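Encoded as structure tokens, the structure appears first; notes follow it.
Each reported figure results from applying straightforward, stated rules to the coordinates on display, with no laboratory input. This is a predicted model, so every value here is computed, not measured. Heads up, the Cβs are rebuilt from the backbone with ideal geometry, glycines too, and the neighbour counts pull from every protein chain shown.
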Number of protein chains: 2
Amino acid sequence: MHASSLEKYEYIEKVLGYTFKDKSILQKALTHKSYSEEGMENYETLEFLGDSLVNLFVVDVLFSEFPKAREGELAQMKAYFISEDFLGELAHELRLDEYVLVGGKKKEKSLSIIADTFEALWAAVYLDSGKDLNFVRQIFERLYKDRIVRLAKENKHRRDYKTMLQEYTQKKWKERPTYRLVSVSGNDNEKVFHVECTFRDYRAIGVGRNKKEAEQDSARKLLEMLQMNM
Amino acid sequence: MHASSLEKYEYIEKVLGYTFKDKSILQKALTHKSYSEEGMENYETLEFLGDSLVNLFVVDVLFSEFPKAREGELAQMKAYFISEDFLGELAHELRLDEYVLVGGKKKEKSLSIIADTFEALWAAVYLDSGKDLNFVRQIFERLYKDRIVRLAKENKHRRDYKTMLQEYTQKKWKERPTYRLVSVSGNDNEKVFHVECTFRDYRAIGVGRNKKEAEQDSARKLLEMLQMNM
């Protein structure tokens with residue numbers, strides 16, 4: 001099992017253009033905590049480190065390539081390019097889903113696990129390369145910079161929060177959030193709408209210049225709450 | 001004004017052990033958006049980049065120095081070492097509060113602004129050094145690594161969320177959150193407490209094995225909500 005999986009890493013190494021000195025660190029990056037075997041470590045702390053690496057590499061690309069963008073716009077782009085959806089896509093291309101070891105009851109390889117292994121992978125490259133940040137950033141940029149820039153120019157990061165929230169709650173709980181207009185204040189020229197978005201124990205108030213804007217704002221807040229607390 | 005402030009940067013450069021080739025980027029890192037003057041740019045996008053750099057440098061120190069810590073523990077440490085409180089402290093030592101340019105109605109230099117300039121400063125060093133990540137990390141570690149490790153060993157990062165939340169809401173709004181026991185379920189051996197924490201438009205439900213634990217959990221959630229939405 002191990003020998004063959006170590007061989008299989010050749011595909012990842014080929015795409016990365018990087019050969020690991022220590023294959024066991026790559027194996028660790030691809031081992032979920034549910035997979036317990038004597039002496040096997042899981043990817044949790046590597047993911048913690050890799051998250052910061054991927055975060056920086058993405059931000060650096062956005063900062064350099066969109067020098068006129070404001071901070072809010074950059075933050076919105078970043079949110080997309082570090083999302084489970086996007087990183088999961090990159091992980092699938094590297095076939096990380098084929099290599100990841102999961103065990104116990106957790107036989108399915110969720111998108112969340114696949115995206116985690118993508119982050120852990122970058123920590124593995126970083127550590128194996130002797131912590132050469134410039135070198136690791138270079139690999140990341142060779143693989144993904146052009147795509148990030150292209151997708152950002154296509155506005156792939158501009159998403160609709162109500163749709164995203166509904167997709168999220170439907171997937172996890174098979175339920176939908178509800179919206180309720182709480183108040184409208186201000187005069188005719190400058191109205192302020194408050195909308196309450198409720199889902200299970202969570203509640204968020206959104207603010208906007210019209211109902212739609214306030215709904216979007218409440219959906220965004222609730223989505224953040226759910227994602228922080230899961 | 002500018003000439004003298006450019007000279008004054010000598011103190012920052014001395015502490016960093018780094019002389020800027022382009023002082024104007026340092027000035028940008030120390031200019032709040034409220035300070036408007038023809039051709040003056042503010043630190044917003046530098047802070048966006050610097051946040052990722054500081055984040056990575058802190059995480060790298062923690063990962064390397066606490067190899068046995070679990071992911072949850074590392075995350076708790078990280079939360080403290082990238083907090084406004086801690087970064088604001090480092091910023092004060094560099095006297096960034098003396099150099100930062102704020103204008104308009106915003107005459108006071110809040111802790112939030114000071115901590116922001118600390119992040120922006122690292123982006124400035126990064127860009128001015130020709131984006132040499134290894135070099136910038138080295139400066140950061142020379143200045144802060146030992147302190148981060150010492151404070152982490154002293155458990156400075158273990159904080160009480162109810163206290164933190166109250167400090168936060170008192171400082172920003174001169175008001176306090178309220179707590180309410182919502183439900184107690186389960187049997188005698190395994191009770192589950194739900195506590196609701198409310199502050200203004202925000203509401204979070206905390207869960208725990210006793211009231212205190214549920215209160216802490218609700219305070220943590222509300223604090224995250226407030227910090228995400230400010």
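Values for this structure:
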| read-out | value |
| --- | --- |
| For the range B:58-100 and the range B:189-230, distance of Cα centres in Å | 25 Å |
| Rough spin-label spacing in nm, given labels placed 7 Å along Cα→Cβ, for A:GLU108 and A:TRP173 | 1.8 nm |
| Most mobile listed residue (A:ARG159, A:ARG203, A:ARG95) in chain A, GNM with C-alpha springs under 10 Å | A:ARG203 |
| Cross-link partners of A:LYS33 among lysines (Cα-Cα below 20 Å; sequence separation of 8 or more within a chain) | A:LYS23, A:LYS105, A:LYS106, A:LYS107, A:LYS109, B:LYS68 |
| Cα convex hull of the range A:163-229 - mean projected area over all directions, nm² | 4.2 nm² |
| Of A:LYS171/A:LYS191; A:LYS145/B:LYS156; A:LYS28/B:LYS131; A:LYS14/A:LYS145; A:LYS131/B:LYS153, those spanning more than 27 Å from alpha-carbon to alpha-carbon | A:LYS171/A:LYS191; A:LYS145/B:LYS156; A:LYS28/B:LYS131 |
| The range B:163-229, relative contact order [Cα under 8 Å, separation at least 6], % | 24 percent |
| C-alpha long axis of helix B:133-153 to longest principal axis of chain B, angle in ° | 40 degrees |
| Against the rule of thumb 2.2 N^0.38 Å, how large the Cα Rg of the protein assembly as shown comes out | 1.03 |
| Candidates A:LYS156, A:LYS21, A:LYS211, ranked by Gaussian network fluctuation over chain A, Cα under 10 Å, top entry | A:LYS211 |
| Virtual spin-label span in nm between A:LYS131 and B:GLU65, 7 Å along Cα→Cβ | 1.1 nm |
| With Cα atoms, 0 to 90° folded angle of helix B:44-65 axis to chain B main axis | 70 degrees |
| Between helix A:71-81 and chain A: long-axis angle, C-alpha atoms, 0 to 90°, nearest 10 | 50 degrees |
| Global form of chain A, assessed from the alpha-carbon gyration tensor, a/c cut-off 1.5 | oblate |
